[in-house]
Amino acid sequence: MRRIAINTGGGDAPGLNAVIRSVALSALNRGWDVLGIRRGYEGLLVNKPDSLINLDRNAIRGILHLGGTILGTTNRSDPFRFPVEGPDGQKVATDVSGKIVARFAELGIDALVALGGDGSMSIAKQLMTRGLPRVIGVPKTIDNDLRGTNVTFGFATAVEITTEALDRLHSTAQAHRRVMVVEVMGRHAGWIALHAGIAGGADVILIPEIPYKLECVYEKVRERYRRGSDFAIVVVSEGAKEAGQGELYKMGKDVFKEHAVLGGIGERLARQIEEATGCESRSVVLGHLQRGGTPVGYDRLLAQRMGCAAVRYLAETERSGMVAEVGGEMRLIPLEEIVGGIRGVDPVGDTVMTGRDVGICFGDEPSGTFLDRVPQVATEAS
Ligand code: F6P
């Protein structure tokens, strides 16, 4: 191993710079060169002075605590569907994977450390079939939905930001005796809503893994007001679904994007709750605030553990794969285990049970029902 490259793909997540720094430092300390590729794979195709960055000690100084990524990122640099300008000036999705692999060889790159989510891992896997020598993935996403790893870096920061937002929304909801509906990110997984909702004392949490019935939500809100707590906090995942219905999208898929953009469920729910219960309701979309800014300590540590593990796997094994946190330890898992699906919340797992035990409504059963059948649940478990 003489020269490695590193890139960041897909949406940014707090901790990317901490990984970049840790990969670069542990590689430099082994006497290797480290090349940063700008904006996913774009830096290999576009010939600008800063398309490739030599990640020496100066380049990575002072970045540990910074949000975003010094390499830039994009969800439009899939080498198999890269936007190339056609003769009429229109961008056309083009397979440039051959060029990418040739550039790796030209630059003498022995391995790539790819920081990304399921999309980036699937691209890396396909590039290896075209001749890319080795790839070690590092699991990045605030959604925490990557298969094979218990946790991804960026998630803890998103949960922290969302929890703080819920604390702030409590006071204004209480002052106005309102229902505040908070729409959070997570795509098709409810991790952010579940963890922040419980940490931030939500009354209702709606996640994609548990389809909800509107009547259950209304009943929980009415119950709050009946009991004299005349405000309510509802946390809804952007990908949550009413039973029997699909997800709500605010923007369709374009030719270069893998995913259509989810959104709008929070406002729709606020209107439905107000109409059905008569309680004044407002919606807030936390959106990209959940991804921005400085990573929390947990993510900075996790990012560095993952980055250093990636370099150790390159140094000590011949294998490719993705670094994963399993049972508190780092493992290298095959890329095949990650692609083709996501890791959702376990709807009967301990965290959901915790929420139910403290009286949070998940929209699937009328308020109080869960407590009515607690003895039965306990018996089954024993
Ligand atoms: O996957 C991370 C994520 O932040 C999702 O939670 C969200 O749906 C999506 O990215 C938003 O993507 P974009 O950056 O294209 O707005």
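Bear in mind that the values in this text are calculations on the coordinates, not laboratory data. Predicted model, so just to flag it, every value in this text is computed and none were measured. Cβ atoms come from the backbone with ideal geometry, glycine included; neighbour counts cover every protein chain shown.
Among the residues of the stretch 101-142, what is the count of those that are among the basic types (Lys, Arg) and either in contact with a His (Cβ under 9 Å, 6 or more places away or on another chain) or part of a loop (DSSP other than H, G, I, E, B) (or both)?
Here is the first cut: in the stretch 101-142, the residues among the basic types (Lys, Arg) are 103, 125, 130, 134, 140.
Right, trim to either in contact with a His (Cβ under 9 Å, 6 or more places away or on another chain) or part of a loop (DSSP other than H, G, I, E, B) (or both) and you get 130, 134.
Number satisfying all stated conditions: 2.
Looking at Val138, is it touching a residue at least 40 places away in the same chain (Cβ under 8 Å) and of a type outside the set (Phe, Trp, Tyr)? Before the answer, list the steps.
Values: touching a residue at least 40 places away in the same chain (Cβ under 8 Å): yes; of a type outside the set (Phe, Trp, Tyr): yes.
Yes.
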Original post:
Restricting the search to the stretch 182-239, which residues are charged (D, E, K, R), closer than 16 Å to Ile273 by Cα and more than 22 Å from the chain's Cα centre (by Cα)?
Top reply: Asp203, Lys213, Glu215, Glu219, Lys220, Arg222, Glu223, Arg224, Arg226, Asp230
Subject >> In the stretch 175-187, the residues that are near the ligand (Cβ under 9 Å from one of its atoms) and more than 11 Å from Val234 (Cα to Cα) >> reply: Met185, Gly186, Arg187
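Say we look at the stretch 5-36 and pick out the residues that are charged (D, E, K, R) and more than 13 Å from Ala310 (Cβ to Cβ); which of these is surrounded by the most Cβ atoms within 10 Å (Cβ to Cβ)? Spell out the reasoning first.
Taking the stretch 5-36 and keeping what is charged (D, E, K, R), we get 12, 21, 30, 33.
Next cut, more than 13 Å from Ala310 (Cβ to Cβ) only: 12, 33.
Numbers: Asp12: 24, Asp33: 19.
Restricting to residues being charged (D, E, K, R) and more than 13 Å from Ala310 (Cβ to Cβ), the top hit is Asp12.
Checking the conditions here, which among Val159, Val151 is among the β-branched types (Val, Ile, Thr), more than 30 Å from Gly278 (Cα to Cα) and touching a strand residue (DSSP E or B) at 6+ places or on another chain (Cβ under 6 Å)?
Details: Val159 fails: touching a strand residue (DSSP E or B) at 6+ places or on another chain (Cβ under 6 Å).
From the options Val159, Val151, the qualifying one is Val151.
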Original post:
With Asp50, Asp33, Asp56 as the choices, which residue is without any contact (Cβ under 8 Å) to a residue 40 or more places away in the chain, touching a strand residue (DSSP E or B) at 6+ places or on another chain (Cβ under 6 Å) and more than 16 Å from the ligand (Cβ to nearest atom)?
Top reply: Asp33
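Please state which one of Asp78, Asp95 is under 24 Å from Gly117 (Cβ atoms), within 16 Å of the ligand (Cβ to nearest atom) and not hydrophobic (A, V, I, L, M, F, W, C). Full working, then the answer.
Working: Asp95 fails: within 16 Å of the ligand (Cβ to nearest atom).
Step by step, each of Asp78, Asp95 is checked, and only Asp78 is under 24 Å from Gly117 (Cβ atoms), within 16 Å of the ligand (Cβ to nearest atom) and not hydrophobic (A, V, I, L, M, F, W, C).
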